[in-house]
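The values are calculated or read from the model by the stated rules, or taken from the named source; none is laboratory data. It should be emphasised that the depicted structure is a prediction, and the values quoted were computed from it without experimental measurement. FYI the Cβ positions are ideal-geometry reconstructions off the backbone, even for glycines, and counts take in every protein chain you see. In case anyone asks, the SASA skips ligands and DNA or RNA and just uses the protein heavy atoms, side chains included. Shrake-Rupley method; radii C 1.70, N 1.55, O 1.52, S 1.80 Å.
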Amino acid sequence: MSNVTRKIVADSSADLLTMENFPFAAAPLKIMTAQKEYVDDADLDVPGMVMDLLEYDGRSSTSCPNVDEYLAAFGDAEEVFCITITATLSGSYNAAVLAKEAYEEQHPGRRVFVLNSLTTGPEMALVMDKIVEWTKEGLDFDATVAAIEHYVKHTGLLFMLESMKNLANNGRVSPMAARIASIVGIRVVGKASDQGDLEVLKKCRGEKKALEFIAERMRELGYKGGRVKIAHCLNENAGLSLKNRLQKEFHNIKVELYKCGGLCSFYAEKGGLLIGFEKG
């Protein structure tokens with residue numbers, strides 16, 4: 001294991017562009033309107049994109065990394081662990097699988113594992129952190145794959161949205177659902193389902209009630225004090241409020257708060273939160 005070069009690759013929905021002290025590459029997704037294309041990489045002005053889309057009334061869409069972009073991300077690693085956004089929202093997983101097949105054919109002996117995360121953002125990042133840990137512990141490729149497949153059964157993703165406009169414009173939710181979410185003061189709380197779909201759980205009147213419901217739902221889903229990652233789209237205060245609430249209830253827990261990248265900001269929109277957490 002110590003002589004094997006290992007790398008983590010994820011599409012940009014994981015909200016990461018670099019990882020400290022571990023080989024990593026992000027394959028960028030793109031957000032497109034009739035007026036402009038936004039590439040979800042280090043050069044993207046995420047707040048600017050969010051504000052642009054607030055004013056945009058037309059249809060929007062996303063584009064996944066292609067096979068060549070994934071191959072470039074794999075580089076020359078002997079072992080690659082590739083994590084993609086849920087296949088129900090993007091073709092990223094399918095492109096990564098095609099890249100895996102090409103890579104392993106071009107480089108006999110090298111191995112690529114592709115995970116359809118059935119989620120996005122912070123829940124993907126939880127898996128990536130664990131891969132780093134398992135690598136340091138010396139787990140080989142097959143043992144790491146088995147560990148990933150077990151671990152993802154014990155993580156979850158909840159979200160809070162002030163708007164579902166972009167999801168509706170992209171054909172991911174009905175216009176009726178988006179109109180309900182647009183009512184002033186309403187916050188939509190939902191989760192990533194076991195099938196990788198967005199499942200609305202409750203429409204809360206006000207952010208405070210939404211955050212209370214999220215904390216309650218985390219407990220119901222099995223949260224007992226494990227790791228939490230909170231990604232926010234121009235709403236750091238709500239993220240801090242949830243972080244403080246969890247840290248008061250569960251002592252000595254690790255909660256990381258950070259900004260959404262481009263793709264997650266597109267779906268979460270201004271005011272949105274994405275919460276990845278360990279269950280059980």
Rounded to whole Å², per residue accessible area for the stretch 1-115 with a 1.4 Å probe reads 48
Selected from Val255, Leu221, Ala95, residue furthest toward positive end of dipole (the chain; charges at beta carbon): Leu221
Solvent exposure ordering (accessible area, 1.4 Å, most first) of Glu105, Glu79, Glu256: Glu105, Glu256, Glu79
Please report how far the C-alpha centroid of the stretch 36-94 lies from that of the stretch 248-280, rounded to the nearest whole angstrom. 19
Can you figure out the FRET efficiency of His251 with Asp140, using R₀ = 35 Å and their beta-carbon distance, to the nearest 0.05? 0.45
Estimated inter-spin distance, Glu37 and Lys279, nm [label 7 Å along Cα→Cβ]: 3.8
Using the alpha-carbon atoms, what tilt in degrees (0 to 90, nearest 10) does helix 236-249 show relative to the longest principal axis of the chain? 80
Most mobile of Leu115, Leu54, Leu17 per a Gaussian network model of the chain (Cα springs, under 10 Å)? Leu54
Considering the options Cys64, Val112, Leu53, tell which one lies farthest towards the positive end of the dipole of the chain, charges being +1 on Lys and Arg and -1 on Asp and Glu at the Cβ, about the Cα centre. Leu53
Angle in degrees between helix 121-137 and the longest Cα principal axis of the chain, rounded to the nearest 10: 30
So between Lys208 and Thr5, what do we pick up on full extension, going 0.36 nm a residue minus the alpha carbon distance? 68.4 nm
Looking at the chain as a GNM with Cα springs under 10 Å, which of Asn66, Asn166, Asn21 has the largest mean-square fluctuation? Asn21
For Ser241 paired with Glu20, estimate the spin-label separation in nm (one decimal), with each label point 7 Å from Cα along the Cα-to-Cβ line. 3.0
Might you report the magnitude of the Cβ-based charge dipole of the chain about its Cα centre, with Lys and Arg at +1 and Asp and Glu at -1, to the nearest 20 debye? 1420
Stretch Lys153-Arg219 to full length: gain in nm at 0.36 nm per residue minus the Cα-Cα span? 22.2 nm
Beyond a 23 Å Cα-Cα separation, which of these cross-linked pairs lie in this structure: Lys7/Lys100; Lys191/Lys254; Lys30/Lys259; Lys203/Lys254; Lys191/Lys243? Lys203/Lys254
Could you sort Asp11, Asp68 by their accessible area in this structure, using a 1.4 Å probe and putting the largest first? Asp68, Asp11
Please determine, in degrees from 0 to 90 and to the nearest 10, the orientation of helix 92-106 with respect to the longest principal axis defined by the Cα atoms of the chain, where the helix direction is its Cα long axis. 10
